[in-house]
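These notes are about the structure you will find just below.
Values in this text are rule-based calculations from the coordinates and carry no lab data. Not measured: the values here are computed from a predicted model. Counting neighbours? That spans all protein chains shown, and the Cβs are built from the backbone with ideal geometry, glycine included.
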Amino acid sequence: MTIHQKAKRVHQSYIRSGSQKLVSEFYVRLMAASAEIRKKFEGVDMAEQASLLSHAIVMSFLFIDKNQQVAKKCLDGVRATHAQHNLNISPELYDIWLECLLETVAQCDPHANDELLSDWHDVMSVAINHIREGY
Ligand code: HEM
């Protein structure tokens, strides 16, 4: 299966998982997973943050297609804000981020299985690697 086909399946899974519901459940998991990550989000309005992330997740699906300028602009922005001189998000934290996202999909999507979770991993890794490489 091509990465484009995977992105389509993952987008359908995201909708099935209730999009906003998935993102808010994801943040509960992420905060529980790491004290370092929890500290980064101190004082942040998490409802607002969930809405920003749900947009960035859809942009991550579109980002598979390199000609999608809107998606590229969005993820270039996230790459800049998350860099060392800015929010200073250490590269290894993204592994925890992705792990928490996959666990939340497994919880929220009634059709989740190993193959679908592996598609989520592959699709989100494209955006995450782009953000991480800007560190
Ligand atoms: C463990 C990894 C990550 C940590 C610790 C983290 C942390 C943060 C923090 C502290 C903020 C600023 C909130 C504020 O001050 O209002 C933020 C904003 C944001 N994050 Fe992350 N982030 C991570 C990964 C990601 C990933 C993988 C994405 C996208 C797929 C993403 C998308 C965003 C967006 C869209 C914003 C708001 C706009 C911006 O600041 O660029 N983050 N993040």
Residues being closer than 17 Å to PHE41 by Cα and among the β-branched types (Val, Ile, Thr): count how many of those fall in the stretch 78-109. 4
With the condition kept exactly as written, say whether any residue in the stretch 57-69 is over 18 Å from VAL123 (Cβ atoms) and within 7 Å of the ligand (Cβ to nearest atom). no
Hey, among the residues in the stretch 13-44 that are more than 9 Å from the ligand (Cβ to nearest atom) and on the phi > 0 side of the Ramachandran plot, which one's surrounded by the fewest Cβ atoms within 10 Å (Cβ to Cβ)? GLY18
Among the numbered criteria (1) more than 9 Å from the ligand (Cβ to nearest atom); (2) touching a residue at least 60 places away in the same chain (Cβ under 8 Å), which single criterion is violated by ALA47? (2)
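A quick yes/no check of all residues on (1) within 8 Å of the ligand (Cβ to nearest atom); (2) touching a residue at least 24 places away in the same chain (Cβ under 8 Å); (3) surrounded by fewer than 18 Cβ atoms within 10 Å (Cβ to Cβ); (4) more than 12 Å from the chain's Cα centre (by Cα):
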position: GLU92; (1), (2), (3), (4): no, no, yes, yes
position: ILE96; (1), (2), (3), (4): yes, yes, yes, no
position: LEU101; (1), (2), (3), (4): no, yes, no, no
position: GLN107; (1), (2), (3), (4): no, yes, yes, yes
position: LEU116; (1), (2), (3), (4): no, yes, no, yes
position: ASP119; (1), (2), (3), (4): no, yes, no, yes
position: VAL123; (1), (2), (3), (4): no, yes, no, no
position: ILE128; (1), (2), (3), (4): yes, yes, no, no
